[in-house]
Structures are given as structure tokens and as C-alpha cells.
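Colleague: Please read through the structure below; I'll follow up with questions.
The values are calculated or read from the model by the stated rules, or taken from the named source; none is laboratory data. A quick note: this is a predicted structure, and the numbers were derived from the prediction, not measured. No Cβ is skipped: glycine too gets one built from the backbone with ideal geometry, and neighbour counts run over all protein chains shown. Just so you know, the surface numbers come from the protein's heavy atoms only, side chains and all, with ligands and any DNA or RNA stripped out. Shrake-Rupley method; radii C 1.70, N 1.55, O 1.52, S 1.80 Å.
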Amino acid sequence: MIAVNLITGFLGTGKTTLVRHLLAHHPENETWAVLVNEFGDIGIDGTLLDETGVAIEEVAGGCLCCVAAPAFEVGLNRLIRAHRPERILIEPSGLGHPAQILERLRSPLYREVLRLEATLCLIDPRHLDSPRHLEHPVFRDQIHLADVLIANKADLCDPVQEQAFLDFAATLRPPPARLAVTEQGRIDPSLLYLDASPRTASFPEAHAFLLADEAAPEPAGVSNARRCSTG
């Protein structure tokens with residue numbers, strides 16, 4: 001079966017950098033694949049990826065978890081058929097709600113093909129000082145649905161902000177299986193291999209609501225949210 005990991009996190013938390021780090025350290029004897037909205041999202045040429053044992057598939061025209069949902073399955077199926085990778089990394093947009101993607105990956109259609117492993121969520125600890133982030137339903141659910149919670153950009157944080165991340169993580173129920181504090185997305189690739197655990201979204205309709213409601217509040221620094229910006 002093909003292992004699958006979902007990589008989530010708000011715009012600017014460093015998902016792209018983390019994905020590139022993981023690709024640079026993938027086992028040489030394995031083919032890995034990445035499903036993203038656009039090739040440009042991860043800043044690596046698709047041909048180059050193919051030559052280095054990593055396949056890439058883009059789902060253009062919207063966010064993986066909403067308007068492009070049919071294209072998500074098409075792109076995923078194409079990766080599976082064409083490359084038969086040992087692992088697939090899926091990077092949705094910054095305001096992408098992970099619940100629908102996780103539901104599809106667990107569906108009968110993929111039950112005999114895919115093995116869902118840890119969902120990773122990146123946060124910038126400095127956002128924990130922002131009530132607009134803490135009150136944002138997608139921000140909260142990206143965190144609650146993660147098996148591994150990663151505080152990235154630690155080099156830009158002071159000790160108080162780093163401790164605030166640890167204190168915040170201690171309040172989560174159920175708790176993440178693993179915590180990590182890092183910079184430049186430099187995590188231990190073994191975190192990908194942790195088992196996925198059943199988790200429930202608190203706001204499963206949040207992403208669709210934000211797309212439909214132009215009056216919905218957006219956290220400071222999250223631009224072009226209605227267009228499902230990536231990062």
C-alpha cells in the first residue's frame with residue numbers, strides 16, 4: 001500500500017519549505033510523490049522532481065478541499081497509476097480545511113490502495129499571540145486534526161513564544177501524538193511514519209463557509225484568503 005501524509009498549516013507557516021526538506025531527504029530507493037495546487041507552490045520544476053525520484057501532480061483552479069475536489073481525485077489517481085510511489089505528500093492551501101481530504105483518503109475507494117499516516121500541521125508560534133488566529137475555525141481544526149504539531153520558525157521566536165506553543169499544545173484534547181520545534185521546516189522525516197489517529201473536526205464546514213461569506217473575518221497577514229492562497 002502507498003503511504004500518504006497530509007501537510008497543513010496557515011499561509012506563511014512554512015509548509016512549502018518543509019515539503020522541500022522532506023523531499024531532499026527521502027530514501028533513494030523509494031519513489032515519492034507530491035500533490036499540490038500548482039507546480040509553483042513548492043518552487044521545484046516538475047521534470048526535476050521526476051528525475052530525482054519524486055513525482056509531482058498539480059491540481060489547478062482552486063483549493064484541493066473545495067472547488068477542485070473532483071480534480072483532487074483525478075490528480076491523486078493519476079499519481080497512483082503513473083508512478084506507483086511508496087509515499088504521497090499532499091499539501092493543500094493555507095486556508096484549506098483538512099477534514100474533507102482526510103475523509104476521501106479513508107473512503108472505500110482508496111481503502112485497499114492507500115495507508116494514511118501522520119497528518120502534520122505547521123504553526124508559527126507568534127500567531128498564538130493573535131486572537132484572530134486563535135478564533136479562526138480553520139486554524140483550530142488544522143491543529144486539532146493533526147497527529148504531529150510543529151512549531152516552525154523557532155529562529156524568529158523568543159523563549160516566551162516558544163513556551164506559549166508548548167503550553168497551548170498541552171491544552172489540546174486529544175493531544176497530538178508528537179510535538180516538534182524547528183526552523184526552516186527541518187523536521188525528522190521519521191515523523192511521517194507515525195500512524196494516523198481518528199480525530200474529529202470541531203468546525204468541519206468552516207472552509208466552505210469562509211468561501212461563501214465575504215464578511216467572514218480573516219487573520220492579519222492572511223491575504224487573498226478567498227482565493228485559497230497557499231504557503
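Colleague: On the protein heavy atoms, probe 1.4 angstrom, tell me the percent of accessible surface of the range 82-189 carried by carbon and sulfur.
Modeller: Taking all protein chains in place, the range 82-189 shows 51 percent carbon and sulfur surface.
Colleague: For the range 82-160, with every protein chain kept in place, what is the accessible area per residue (1.4 Å probe, Å²)?
Modeller: With the other protein chains kept in place, the range 82-160 gives 37 Å² per residue.
Colleague: Still on this structure: At 0.36 nm per residue, minus the direct Cα-Cα distance, what do Arg199 and Val160 gain on full extension? Give it in nm, one decimal, please.
Modeller: Between Arg199 and Val160, full extension yields an extra 11.1 nm.
Colleague: Between Arg111 and Arg78, what is the spin-label point distance in nm, taking each point 7 Å from the Cα along the Cα→C-beta axis?
Modeller: 2.8 nm
Colleague: Sort out for me the Cα centre separation of the range 1-32 from the range 127-160, rounded to whole Å.
Modeller: 19 Å
Colleague: Here's another thing I want to ask about it. Full extension from Ser130 to Ser190: what is 0.36 nm times the residue separation minus their Cα-Cα distance, to one decimal in nm?
Modeller: 18.5 nm
Colleague: Quick one: ranking His83, His25, His144 by accessible area, 1.4 Å probe, largest first, what do you get?
Modeller: Descending accessible area places them as His25, His83, His144.
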